[in-house]
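Asker: Mind looking over this structure? Questions follow.
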Amino acid sequence: MRTKTPRKLSLKQNGFVADTIITKNPTEAIVRNYNVKDRIVAKSMASENLAKPYIQEEINKKLEDSGLSIEHLTQIHRRNLDQSKQLGVSQSAVETGYKLHGLLRDKEDKGNTNIAIVIEK
């Protein structure tokens, strides 16, 4: 059985990953790193990039390296369930983190996503 070799990202793909994390907006990341002016085309390209497992893995790796792991998000989410002050702000930050990890999509995104997160009190 062959061992799967990690795929090396292109310069544009690396820029896309970095700018997706910085801007929290994959469409904007495409505009910044690819020669694309049309936002509809950029949105389509962003969707294609995010569908590539090796790009999503790199985004997840960079998020974890910066301390924003799924475990950390789950801790914050769990804490939010137990409090009411600043809940909206904190929950919004958690949702952004889940989106960056590819675990949550915007309402306008018509794709199907299955989320399996167990939060225990």
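The values are calculated or read from the model by the stated rules, or taken from the named source; none is laboratory data. Everything quoted here is computed from the prediction, not taken from an experiment. Glycine also receives a Cβ, built like all others from the backbone with ideal geometry; neighbour counts cover every protein chain displayed.
Asker: Restricting to segment 32-44, what's the tally of residues that are in contact (Cβ under 8 Å) with a residue 12 or more places away in the chain and over 16 Å from Leu100 (Cα atoms)? It would help to see each step written out before you state the result.
Answerer: Within segment 32-44, the subset in contact (Cβ under 8 Å) with a residue 12 or more places away in the chain is 32-34, 39, 42-43.
Checking which are over 16 Å from Leu100 (Cα atoms) leaves us with 32-34, 39, 42.
Here the count works out to 5.
Asker: Something else about it: Return the only residue of Asn33, Asn80 being in contact with a helix residue (DSSP H, G or I) (Cβ under 6 Å, 6 or more places away or on another chain) and outside the structural domain of Thr96 (by TED's automatic domain parsing).
Answerer: Details: Asn80 fails: outside the structural domain of Thr96 (by TED's automatic domain parsing).
Criteria check complete, one pass: Asn33.
Asker: Select from segment 33-82 the residues that are in a helix (DSSP H, G or I) and basic (Lys, Arg) and write down the one among them that is farthest from Leu104 (Cα to Cα). It would help to see each step written out before you state the result.
Answerer: Taking segment 33-82 and keeping what is in a helix (DSSP H, G or I), we get 33, 39-50, 53-65, 70-81.
Checking the rest, the ones that are also basic (Lys, Arg) come to 39, 43, 61-62, 78-79.
Numbers: Arg39: 21, Lys43: 16, Lys61: 17, Lys62: 18, Arg78: 17, Arg79: 19 Å.
In this case the residue turns out to be Arg39.
Asker: Please name all residue pairs, on different chains or six or more residues apart, with Cβ atoms under 8 Å, provided the first residue is in segment 1-28 and is among the hydroxyl-bearing types (Ser, Thr, Tyr) and the second residue is at pLDDT below 90.
Answerer: Filtered contacts from segment 1-28: Thr20/Leu100.
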